[in-house]
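Worksheet for the structure shown next.
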Amino acid sequence: MPVTLVLHIPNEEPVAGEVDEMPGPQDTLIVLNNPRRRDGKDIHYLDPEVSTVLFPVNRITLIEVMPGAEEADIIGFVRDE
């Protein structure tokens, strides 16, 4: 099941996309499918036909894991005021 990640790269807009499996501690590259900006627009430095991009892990400062369909239905922390 694909997992949606948002990669934060220094001096660039965050890049969203899907991975087939989560990167492990031994990985040096992240294979990102369907790369796009967080708002869904194309990335200016990629050709529109590109469907897969390899990012070196040492260039990434933060990886956000977006909730999947099952996790979106789970009720998390609820605060009553």
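Nothing in this text is a laboratory measurement; each read-out follows from the coordinates by a stated rule. Quick caveat, the model's predicted, so the values are computed rather than measured. Glycine gets a Cβ as well: all are built from the backbone with ideal geometry, and neighbour counts include every protein chain shown.
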Query raised in the report: When Lys and Arg each count +1 and Asp and Glu each count -1, what net charge do the other residues less than 12 Å away from Ile43, Cβ to Cβ, add up to?
Result: -1
Report task. Divide the volume of the convex hull of the Cα atoms of segment 1-56 by its number of residues and quote the answer in cubic angstrom per residue. Result -> 83 Å³
Report summary line: Note, Pro56: beta-carbon cut-off 14 Å, +1 each Lys/Arg, -1 each Asp/Glu, net -1
Report task. For Arg38, enumerate residues with amide H under 5 Å from its amide H, sequence gap 5+ or separate chain, H modeled in the peptide plane. Result -> Ala16
